[in-house]
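Contents: one structure, followed by commentary.
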Amino acid sequence: MKRILVAPFLFLIKVYQTLISPFTPATCRFQPTCSHYTKEALEKHGLWKGGKLALIRIFSCHPWGRSGYDPVPDKDNN
C-alpha cells in the first residue's frame, strides 16, 4: 500500500530531475539535493512522514537557511 501512495510523487520527482533540473542552474544549498532527499525520504518513510521531512527540507532551502550535508534520517525502530 505504501508504494502505491508514494508512486505518483516519485514519478513527479523523476520528471523534474529528467526534464527540468538539467536546464536550471544548480542552486540547492544541501547535499543530497532537495529532490534526491525527497525521493529517499518518501521511499524510506512513506508518504506522511517522508512528505513532512521533505517539506521541512524544502522550506529551509533559502539564503538565510542552513546548508551542507543533510541526509535523510533513519527509520525509528520503536
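The values are calculated or read from the model by the stated rules, or taken from the named source; none is laboratory data. Values in this document were obtained by computation on a predicted structure and should not be read as measured data. Neighbour counts run over all protein chains shown; Cβ positions are idealised from the backbone, glycine included. What goes into the accessible areas is simple: the full protein's heavy atoms, side chains included, and nothing from ligands, DNA or RNA. Shrake-Rupley method; radii C 1.70, N 1.55, O 1.52, S 1.80 Å.
Quick look at the values:
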read-out	value
Any pair with Cβ under 7 angstrom, 6 or more apart, that starts in region 11-36 at a residue that is free of Cβ contacts under 8 Å to residues at least 40 places away in the same chain and ends at one that is open to solvent by 100 Å² or more (accessible area, probe 1.4 Å) and of a type outside the set (D, E, K, R)	GLN31/TYR69
Members of region 69-78 that are in contact with a Phe, Trp or Tyr (Cβ under 9 Å, 6 or more places away or on another chain), open to solvent by 50 Å² or more (accessible area, probe 1.4 Å) and under 23 Å from LEU5 (Cα atoms)	PRO71
Residues that are surrounded by 12 or more Cβ atoms within 10 Å (Cβ to Cβ), over 11 Å from the mean Cα position of the chain (by Cα), among the hydroxyl-bearing types (Ser, Thr, Tyr) and outside any helix (DSSP H, G or I), drawn from region 1-60	SER60
Answer from THR38, THR33, THR24 - the residue that is of a type in the set (Ser, Thr, Tyr) and modelled with pLDDT of 95 or more	THR38
Members of region 61-73 found to be within 14 Å of the chain's Cα centre (by Cα) and charged (D, E, K, R), listed by number	ASP70
Meets criteria (charged (D, E, K, R) and surrounded by 13 or more Cβ atoms within 10 Å (Cβ to Cβ)) for ARG66	no
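Here is a yes/no grid of residues against (1) under 17 Å from PHE11 (Cβ atoms); (2) without any contact (Cβ under 8 Å) to a residue 24 or more places away in the chain; (3) out of contact with any helix residue (DSSP H, G or I) (no Cβ under 8 Å at 6 or more places or on another chain):
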{"residue": "HIS45", "(1), (2), (3)": "no, no, no"}
{"residue": "LEU55", "(1), (2), (3)": "no, yes, yes"}
{"residue": "PHE59", "(1), (2), (3)": "no, yes, yes"}
{"residue": "TYR69", "(1), (2), (3)": "no, no, yes"}
